[in-house]
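The values are calculated or read from the model by the stated rules, or taken from the named source; none is laboratory data. Please read these numbers as outputs of a predicted model, since none were measured by experiment. All Cβ positions, even for glycine, are placed from backbone atoms using ideal geometry, and neighbour counts span all protein chains on display. Accessible surface areas use protein heavy atoms only, side chains included; no ligands, DNA or RNA. Shrake-Rupley method; radii C 1.70, N 1.55, O 1.52, S 1.80 Å.
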Amino acid sequence: MVAGLRARFPELQLSVSATTRPPRAGEVDGISYHFVTDEQFDALVAADGLLEWAKYAGTRYGTPRQPVLDALAKGQTMLLEIDLAGARQIRASFPDARQVFIAPPSWHELERRLRDRGAESEAQMADRLARAKDELAAEGEFDAVIVNGEVSEAVDELVELLGLGGRTPNTKGNL
């Protein structure tokens, strides 16, 4: 969905998360993620260099603080792809941030998509699915919910929710 949104609005900024997991095939450091060691991640946490962070399926992920603050200071809209724990942390720091929950069309489809990726062990898959149940139960905490069935339709919904309506976004420093 984010790729579809950015294809239509390349000026939208996407925060690149830091992660302690190794790159998957085709992922590029600094574009897909900032791939860091556990020690580097610890240093980011200690230096308050992350807006939010969480451990997910045995791996830590976080949003580097400074690039987000820099984009907002320039009046740019910043997109964050984060989990429930991260969304709660962002809500505490940025109560005016617009938060959209992206839901799967069904539990069966979610499980199929995760298995088709083939990126996790069975134990990691079980952890992701257990966490997904908790996240789905919390969708009411968000400003809006989009069901990601057909990607192009979900992107259209996101465009409308963000008030883009097929035009250049209003650059007021939105998160």
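Extent of the chain along each principal axis, from alpha carbon coordinates, in Å, largest to smallest?
Extents along the principal axes, in whole Å: 43, 40, 32.
For the range 41-116, what Kirkwood radius comes out of the mean inverse Cα-Cα distance, in Å?
It is 14.2 Å.
What FRET efficiency would be calculated for the residue pair Ala119, Asp70, taking the C-beta separation as r and a Förster radius of 30 Å, to the nearest 0.05? Working shown, then result.
On the way: r = 31 Å, r/R0 = 1.03.
E between Ala119 and Asp70, to the nearest 0.05, is 0.45.
If packing is taken as the average number of other Cβ atoms within 10 Å across a peptide's residues, how do 82-88, 27-33, 68-74, 149-155 rank, most packed first?
Ranking the peptides 82-88, 27-33, 68-74, 149-155 by packing returns 82-88, 68-74, 149-155, 27-33.
First compute the accessible area of the chain with a 1.4 Å probe, then give the percent of it belonging to carbon and sulfur atoms.
51 percent
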